[in-house]
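Following: one structure in structure tokens, then a few remarks.
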Amino acid sequence: MGTFALIIFGLLTTFIVIGTAAQRRRIDRIRAELAGDPDVEVAPDRTSLKLHTRPPRRTAHVVPAGGGKNDPSRWDIYCSVHLEPSTTLTLSREGFFGKLREAFGSEDIHLGDAEFDRTFTVRGSDAGAVKALLSNPEAKRAIEALFTGQVWDVGIDARGNVHGRAARAGLDAATPKWLLLALVSLGDALEAVDAQQLA
């Protein structure tokens, strides 16, 4: 290996070591901030950040993701819900592409609430089940609250796995905690509505 290559290798190694140390300090700071928090805690790994809920709250976790050229920095949030009948569901803010899809014949699910339908794009495998779930005032409030936090979209697959994505500006304690609890509130609201409909 030539001298120049050794210098480049040394510089890269130094940057990696410094970056790893800085990341650990940020994670340790967040862990200290949330020590004793009744709702969430930081996983013990010091090299990657993962927050998860504490019992008796619904099991959920949030991790930082992305950051590359074609992969925007974001928070990925996960939990699960049990809905009967199982149905897929995706929610996102209504925007240009939502209107474009509709112009080309791709149908969104409309609840009949003009403000909600203007604000959100709703899709799902069973339009009737989705309307029944989301027409409930508690479910609507939980959705509106969640989307105040720079959330891009939320999806529920047929197994009840919930995945949300939100914009991330850096690593802090308050934002992922808020997102985590907001997604848990949505899961709680959807299950409560579903249980009422089955009763």
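If we scan the stretch 158-174, do we find a residue that is among the β-branched types (Val, Ile, Thr) and out of contact with any Gly (no Cβ under 8 Å at 6 or more places or on another chain)? There is no residue in the stretch 158-174 that is among the β-branched types (Val, Ile, Thr) and out of contact with any Gly (no Cβ under 8 Å at 6 or more places or on another chain). Taking the stretch 64-75 as the range and being assigned to a strand (DSSP E or B), surrounded by fewer than 17 Cβ atoms within 10 Å (Cβ to Cβ) and not small (Gly, Ala, Ser) as the test, only Asp71 passes. The C-beta contact set for the stretch 156-182 (first residue of a type in the set (Asp, Glu), second residue surrounded by fewer than 20 Cβ atoms within 10 Å (Cβ to Cβ), distance under 6 angstrom, 6+ apart or interchain) comprises Asp157/Thr88.
Note on the stretch 109-187: enclosed strands (runs of 3 or more DSSP E) holding 1 or more residues that are at pLDDT 90 or above and loosely packed, with under 14 Cβ neighbours inside 10 Å are 161-167.
The values are calculated or read from the model by the stated rules, or taken from the named source; none is laboratory data. Predicted model, so just to flag it, every value in this text is computed and none were measured. Every residue, glycine among them, receives a Cβ derived from its backbone with ideal geometry; neighbour counts consider all protein chains shown.
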